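What follows is a set of notes on a single structure, which appears directly below.
Laboratory data are not the source of any read-out in this text; all were calculated from the coordinates shown. Computed from a prediction, not measured in an experiment: that's the story for all the values here. Neighbour counts are summed over all protein chains in view; Cβ atoms, including those assigned to glycine, are modelled from backbone coordinates with ideal geometry.
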Amino acid sequence: MVLQFSCSNHKSIKKKVTFSTIAGSDDTLEETLKSFSNVRVMRSAVIYGANGSGKSNFINALEFMCSLVSESIKHQPGEEIFQAPHKLNSDEVPSEYDIQFVKNGIRYAYGFAIVKNAVKDEYLYYFPKGRQVKIFEREAMVIKPGDKYKNVFDVSLGVLKENRLFLSCAANYTNIKEIEEAFLFFNKDVVVYNPHGNNWIEYSIQLMQQSKQVKDVFVEILQALGTGVKDVKAGLEKTRLTAKDLPQEMPEALKTLITSQDANIIEAKLVYDEFETDLMTEESTGIKRLFEVICPIIDIINNEKILVCDEIEISLHESIVYEIVKLFNEAKKEQFAQLIFSTHDSSLLDSSLFRRDQIWFTQLDKERATDLYSLVEVKNVRKTENLEKGYISGKYGAIPILNKNFSFDDAIDKR
């Protein structure tokens with residue numbers, strides 16, 4: 001589970017912003033919370049804000065952190081780490097990322113800073129029996145191991161470079177359980193879905209091939225949503241394309257690359273009462289999106305992962321998003337998966353679905369820098385308040401403010 005995530009100097013985020021899933025003193029929807037140590041943790045959180053206010057940038061910061069942990073071991077000498085600082089910061093200001101999370105019942109704290117496209121500092125601690133233990137701290141290329149870990153990082157130090165995170169190096173060149181657990185959290189447990197870029201259809205088919213239970217639950221959900229689908233016939237077949245299968249006008253270099261690798265042929269049929277349809281050519285965008293997201297969500301909940309999604313409502317009806325949130329909130333008590341997502345859909349602002357500390361907002365300040373805050377931080381919000389009405393009226397901020405003297409008709413007439 002994610003407990004807390006902070007970042008600064010990342011795209012529109014200039015000063016440090018902090019997101020938390022640790023519940024406050026409010027006892028609303030108490031049955032949806034998970035106790036850990038001496039805190040209660042939320043299973044879902046939603047982020048609202050106007051276009052361009054930084055919702056996507058905040059989610060991108062978490063995605064960037066996970067990606068750099070997973071991939072930086074592959075960085076070659078001289079290859080710079082991607083860095084996207086705020087436009088008003090100098091190149092001397094570091095971009096910082098810090099997270100606290102739980103893996104297999106143990107809390108970890110990890111973070112790093114990047115300046116001038118190289119790692120400035122880095123740290124990893126864990127908390128067995130609730131007490132902090134240093135695994136390592138880093139300043140530039142100098143590693144300071146904790147007392148328990150002295151003389152175990154020799155091989156990892158040999159592959160360390162200024163463009164590689166030490167966690168990435170140590171996970172690949174040591175057998176330390178705590179290092180491996182922390183690495184796998186970023187590499188496996190946090191699942192980031194971007195509806196503009198991800199294609200999870202293959203992922204869904206693979207899950208259905210591996211588990212009849214996943215397929216049966218998927219069909220049951222489709223039926224509950226009123227799609228009329230009775231069954232799914234889906235499969236993946238590996239093949240090797242030849243030059244004849246590709247367009248003649250395609251560049252030869254690209255043809256060579258494609259024909260040198262295996263490709264997956266997707267077969268996906270949806271079975272209705274009296275006919276079948278081909279998913280890719282005959283179904284709506286909404287059905288395709290359901291096919292993409294439902295099976296991975298089943299997998300994420302069953303395996304207690306964290307789904308992070310930007311603009312979850314794209315091509316999905318608001319009632320379906322509502323049910324997805326309920327799936328996470330009402331999962332079996334012993335399971336603990338999390339859903340963190342951004343949306344524009346104000347109809348989800350429902351006190352029967354979210355506590356006030358589950359609702360977050362992004363808003364630009366005078367420097368066009370992102371501020372992130374929870375509804376709990378907004379004064380005079382009652383438990384019984386109509387949250388959607390309050391948000392649309394501008395009570396909580398985080399909505400676009402249009403000049404009242406502006407007229408679309410006048411603007412068009414001036415052209």
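Before moving on, here are some points about what is shown:
- For K383, the lysines whose Cα comes closer than 17 Å to its Cα, not counting residues fewer than 8 places off in the same chain, are K395.
- Calculated from the structure at hand, semi-axes √(5λ) of the Cα gyration tensor in Å is found among (i) 45, 25, 20; (ii) 34, 31, 26; (iii) 34, 24, 18 as (ii).
- Check: segment 192-247 dipole with +1 on Lys, Arg Cβ and -1 on Asp, Glu Cβ, in debye: 180 debye
- A Cα-only calculation for segment 201-304 places Rg and Dmax at 16.4, 49 Å.
- Annotation for segment 61-137 versus segment 288-307: alpha-carbon center distance of 27 Å.
- Centre-to-centre separation between the Cα atoms of segment 309-334 and those of segment 10-40: 18 Å.
- Dividing the helix sum by the residues of the chain, where each DSSP H run of 4 or more adds -39500 (n - 2.57), gives a mean residue ellipticity at 222 nm of -8000 deg cm²/dmol.
- Residue with peak Gaussian network fluctuation, the chain [Cα springs, cutoff 10 Å], from T277, T239, T285: T239
- For segment 1-88, the set of chymotrypsin sites (Phe, Trp or Tyr not before Pro) satisfying both a DSSP loop assignment and a count of at most 13 other C-beta atoms within 10 Å is given as F82.
- Virtual spin-label span in nm between E162 and A243, 7 Å along Cα→Cβ: 4.6 nm
- L254 paired with N104, simple spin-label distance in nm, labels 7 Å along Cα-to-beta-carbon: 4.5 nm
- Over 26 Å between alpha carbons, listed pairs K129/K150; K14/K129; K16/K87: K14/K129
- Label point of N38 set 7 angstrom out along Cα-Cβ; within segment 127-143, amide nitrogens under 12 Å from it belong to 130-131.
- Using the Cβ-Cβ distance between S347 and E30 with R0 set to 30 Å, the FRET efficiency works out to roughly 0.80.
- Mean separation of Cα contacts under 8 Å, 6 or more apart, over the residue count of the chain: relative contact order %: 20 percent
- Percent RCO, i.e. relative contact order, over segment 201-304, from Cα pairs under 8 Å lying at least 6 residues apart: 34 percent
- Rough spin-label spacing in nm, given labels placed 7 Å along Cα→Cβ, for K269 and K188: 3.6 nm
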